[in-house]
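All remarks here apply to the structure that follows.
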Ligand SMILES: Nc1ncnc2c1ncn2[C@@H]1O[C@H](COP(=O)(O)OP(=O)(O)O)[C@@H](O)[C@H]1O
Ligand SMILES: [Mg+2]
């Protein structure tokens, strides 16, 4: 039988008093997919992830998790784990004791719960017997991930898991998540930065003030035809400025920064070279994906 979708949400709405945190949201996550939920602060990411974890229920709309409809709080099927707003840990307990306490809460014998393996998986073996209270944000995030992995999940929900991770920690977590997805675990994770999810996610949903402004494969987002800002350095800045100001489809944003579509940029470069101005650098100020993200969310902040 075909596996059900990990998440199927239709027109989910969630309000806190006057605030519409989620406004008729659709979300689809296929088995084994790493789905990025991206948006500026206050966009509704944590609220949506909380619904996936069953911490609250939508005011309206339908939500199915692992094929089962969710109608009440704390009613999500087994196999869903993760955290929102930072992992809940006991600061006075060591990393190992935190996981042992959790295993016991879930009715398992800590000795056979695979605690050492899970600590190794997230790269915390060396600090297994240090108190969690002394951990950096990145280490706490990794311990939170270990807690979520103690019972191997079918759907893993992570709220801003990259927060506080250094580049090595971030690469490690990426490897763990990619490995899990390859084995069929579905993952939904949030970030307020596009570049964070670029390396990891095949599909993204971009939220801005409670609404979906884009959902689909990253390739589709990158291919959307929009004007980008480019840093342009040449052998003659004054003439470059004059020529750029006079070029169709080009806006001079500031010294050394011009905006336009790719064909207009091509024409500008050709013209500069024809007029004996050497082009030394032409690079997008932000990646095309980040630019798409910013333009989709900018006016809604
Ligand atoms: N428990 C709550 N009570 C009141 N307002 C809330 C609550 N949780 C979230 N909100 C509001 O809902 C909106 C979305 O918040 P949130 O989901 O935390 O966004 P994000 O995680 O994308 O930063 C914000 O305007 C926030 O202030
Ligand atoms: Mg949040």
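Side notes on the structure shown:
- Checking each residue in the range 240-260 for being surrounded by 13 or more Cβ atoms within 10 Å (Cβ to Cβ), touching a helix residue (DSSP H, G or I) at 6+ places or on another chain (Cβ under 8 Å) and touching a residue at least 12 places away in the same chain (Cβ under 8 Å) picks out 240, 243, 244, 247, 249, 250, 256, 258, 260.
- All positions within the range 226-257 that are within 14 Å of residue 284 (Cβ to Cβ) and either assigned by TED's automatic domain parsing to the domain that holds residue 33 or in a loop (DSSP other than H, G, I, E, B) (or both): 226, 227, 256
- Residue match in the range 131-139 (condition: over 26 Å from residue 7 (Cβ atoms) and part of a loop (DSSP other than H, G, I, E, B)): yes
- Verdict on residue 103 being under 17 Å from residue 148 (Cα atoms), away from ligand 2 (no atom under 16 Å from the Cβ) and crowded, with 18+ Cβ neighbours inside 10 Å: yes
- Listed by position, the strands (runs of 3 or more DSSP E) enclosed by the range 1-85 that each have at least 1 residues that are within 16 Å of ligand 1 (Cβ to nearest atom) and either farther than 24 Å from residue 206 by Cβ or modelled with pLDDT under 95 (or both) are 80-83.
- Qualifying residue in the range 88-96 (condition: outside any loop (DSSP other than H, G, I, E, B), closer than 23 Å to residue 56 by Cα and over 23 Å from the mean Cα position of the chain (by Cα)): no
- Scoring residue 274 on the criteria (1) out of contact with any strand residue (DSSP E or B) (no Cβ under 7 Å at 6 or more places or on another chain); (2) modelled with pLDDT of 90 or more; (3) surrounded by 15 or more Cβ atoms within 10 Å (Cβ to Cβ) leaves a single failure, condition (3).
- Hits in the range 11-24 (condition: touching a strand residue (DSSP E or B) at 6+ places or on another chain (Cβ under 7 Å) and within 15 Å of ligand 2 (Cβ to nearest atom)): 14, 21, 22
- Under the condition of being surrounded by fewer than 18 Cβ atoms within 10 Å (Cβ to Cβ) and more than 28 Å from residue 294 (Cα to Cα), the residues counted in the range 33-56 number 2.
The values are calculated or read from the model by the stated rules, or taken from the named source; none is laboratory data. As the structure is a prediction and not an experimental result, all values here were calculated from the model. Positions of Cβ are generated from backbone atoms using ideal geometry, with glycine treated the same way; all protein chains shown enter the neighbour counts.
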